[in-house]
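Readers should treat all values here as calculations from the given coordinates under stated rules, not as data from a laboratory. Bear in mind that the values here come from a model prediction, so they are computed numbers and not experimental data.
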Ligand code: AMP
Ligand code: ZN
């Protein structure tokens, strides 16, 4: 594997290069899974591309293509097919991103009081408003 897509000053790039310790679960040529150092619940882990990018949309398709299959493998190995969990990916500090290298969280939800707590401030939207949103997105695809 080449490390051309990593940078020096990034904690997750350093984990990929093995420069700082981590509890690595599994890896492919383009992705890596390891335990979160401050777990929200037991088994909380991270799956990251071996490509430095702050935001999801900056990661090339071939790196993204390795992430979900690896996340699924880890979820199965963690026994989450028999349980409940959240798969989470934050983009930007306002959206709760702290480490500026793309990462997907796998967070077991063993009980209501444990694991991820999500606010869900849903609003009503008219058909016109939904159509306007749909058009705005489709025009740029
Ligand atoms: P986020 O808020 O989505 O940026 O989450 C960053 C996550 O990275 C947090 O859950 C941290 O506990 C985790 N984290 C930070 N440094 C490390 C590290 N050295 N090894 C493992 N996980 C880490
Ligand atoms: Zn990085």
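Were the residues from residue 77 through residue 23 laid out at 0.36 nm apart, the gain over their Cα-Cα distance would be 17.9 nm. Across every direction, the projection of the convex hull enclosing the Cα atoms of the chain has a mean area of 10.7 nm². Taking every C-alpha pair closer than 8 Å and separated by at least 6 residues, the mean separation divided by the residue count of the range 11-140 gives a relative contact order of 23 percent.
Largest GNM mean-square fluctuation across 60, 49, 93, computed for the chain with C-alpha springs under 10 Å, falls on 93.
Computed over the alpha carbons of the range 70-141, Rg followed by Dmax gives 16.9, 45 Å. Extent along the principal axes, Cα only, for the range 1-54: 34, 22, 20 Å, with the longest axis given first.
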